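In what follows, a structure is listed as structure tokens, so that the remarks can point back to it.
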Amino acid sequence: MANNIDQKLKLLTRMRIPGTPLLSAYLAKSGISRNLQQYYARSGWLENVGHGAYIWPGDELDWQGIVHGLQAQLDMPIHVGARTALTLAGYSHFLRTAGEDDIFLFSSRKRDLPMWVSRTPCCKNLKLSYTSFLPNDALGLSDIPHKTFTLRVSSPERAMLETLYLTPKKVGYIEAYHLMENLTTLRPQILNELLSLCGSIKVKRVFSLFADKAGHSWARYLDKNIDLGRGIRSLAQNGVYIEDYSLIIPRELSSLWE
């Protein structure tokens with residue numbers, strides 16, 4: 001029995017990635033039973049951070065480490081998206097107070113985050129959106145390094161469309177446009193694929209409007225036959241009508257281009 005505990009402890013040590021949690025379901029699947037996990041916690045080898053989650057004593061978690069744990073250990077179909085992904089890529093225009101910014105995650109399948117995640121201080125601003133407005137869960141995603149692990153994150157092309165999906169409730173239109181102004185190197189091929197699959201008429205029209213107004217060189221290579229739907233879409237009451245895109249937009253947004 002003692003030899004088995006020692007062997008499993010060696011396995012546990014090899015599984016450790018600093019800054020990430022060790023999740024109970026993953027440990028059990030790897031051969032470290034829940035009883036043995038509890039024994040290691042009582043013995044000081046593990047520290048419980050919530051139901052079903054441990055860390056190595058003295059380790060510190062950040063939200064990136066927790067998201068990595070959910071992605072890699074539980075195979076949760078989530079990724080970092082929208083403004084958060086643009087910030088990680090260095091495109092964020094607005095400076096925000098540390099710890100006060102929302103952290104946007106996306107998933108096309110309904111699967112709630114574990115309860116302990118929302119109770120962890122570094123994750124209090126996690127916002128998970130369940131949506132299939134972009135039905136391809138692989139297109140426009142990549143793994144980027146953070147400390148000693150990687151995160152599955154939207155490319156700038158996908159992240160911008162996700163940002164527009166969140167407007168105006170979670171991201172303002174003016175902020176979204178300023179983010180678009182910074183995106184000088186988007187890839188038209190990826191954009192055309194994403195736009196052709198995009199199920200949100202609002203997102204496609206606003207993206208096309210913003211691309212036109214920002215004047216980036218990549219915009220000339222966008223597919224002009226992307227379906228933008230029919231009829232007028234209103235983004236604001238008593239707004240300004242933009243005929244080319246059949247959009248009624250907020251007056252304060254229109255004033256950026258006057």
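The values are calculated or read from the model by the stated rules, or taken from the named source; none is laboratory data. Predicted, not measured: the structure shown is a model, and the values here were computed from it. Cβ atoms come from the backbone with ideal geometry, glycine included; neighbour counts cover every protein chain shown.
Looking at the stretch 126-141, is at least one residue within 21 Å of residue 254 (Cβ to Cβ) and out of contact with any His (no Cβ under 9 Å at 6 or more places or on another chain)? The answer is no, given that none of the residues of the stretch 126-141 is within 21 Å of residue 254 (Cβ to Cβ) and out of contact with any His (no Cβ under 9 Å at 6 or more places or on another chain).
Somewhere in the stretch 141-149, is a residue on the phi > 0 side of the Ramachandran plot and in contact (Cβ under 8 Å) with a residue 12 or more places away in the chain? Yes, the stretch 141-149 has at least one match. Within the stretch 115-154, the set of residues being among the small types (Gly, Ala, Ser) and surrounded by 21 or more Cβ atoms within 10 Å (Cβ to Cβ) comprises 140, 154. Per the listing 197, 166, the residue uniquely within 17 Å of the chain's Cα centre (by Cα), of a type outside the set (Phe, Trp, Tyr) and assigned by TED's automatic domain parsing to the domain that holds residue 216 is 166. Residue count for the stretch 12-45 under the criterion of being in a helix (DSSP H, G or I) and surrounded by fewer than 13 Cβ atoms within 10 Å (Cβ to Cβ): the result is 6.
For first residues located in the stretch 69-91 and on the phi > 0 side of the Ramachandran plot and at pLDDT below 95, partners that are assigned to a helix (DSSP H, G or I) and not basic (Lys, Arg) and lie 6+ apart or on another chain with Cβ distances below 9 Å form the pairs 90/182. Screening residue 154 on (1) within 25 Å of residue 191 (Cβ to Cβ); (2) not assigned by TED's automatic domain parsing to the domain that holds residue 188 shows it passes everything except condition (2). Report, ordered by the first and then the second residue, all pairs with beta carbons closer than 9 Å, sequence separation of six or more or different chains, a first member in the stretch 42-65 that is closer than 16 Å to residue 118 by Cβ, and a second member that is among the polar types (S, T, N, Q) and not in a loop (DSSP other than H, G, I, E, B). Qualifying pairs under 9 Å: 51/24; 52/24; 53/24.
Look at the stretch 1-18: where a residue is under 16 Å from residue 39 (Cβ atoms) and a partner is loosely packed, with under 13 Cβ neighbours inside 10 Å and at pLDDT 90 or above, sitting 6+ places away or on another chain with Cβ atoms under 7 Å, you get 8/31; 11/31. For residue 205, the conditions (1) surrounded by fewer than 21 Cβ atoms within 10 Å (Cβ to Cβ); (2) more than 20 Å from residue 92 (Cβ to Cβ); (3) basic (Lys, Arg); (4) touching a residue at least 24 places away in the same chain (Cβ under 8 Å) all hold with the exception of (1).
Is there a residue being more than 28 Å from residue 89 (Cα to Cα), polar (S, T, N, Q) and not assigned by TED's automatic domain parsing to the domain that holds residue 87 anywhere in the stretch 241-251? Yes, the stretch 241-251 contains at least one residue that is more than 28 Å from residue 89 (Cα to Cα), polar (S, T, N, Q) and not assigned by TED's automatic domain parsing to the domain that holds residue 87. Take the conditions (1) at pLDDT below 95; (2) crowded, with 16+ Cβ neighbours inside 10 Å; (3) of a type in the set (Lys, Arg); residue 224 misses just one of them, which is (2). Examine the stretch 106-121 for a residue that is at pLDDT below 95, closer than 30 Å to residue 49 by Cα and of a type in the set (Asp, Glu), and state whether such a residue exists. There is at least one residue in the stretch 106-121 that is at pLDDT below 95, closer than 30 Å to residue 49 by Cα and of a type in the set (Asp, Glu).
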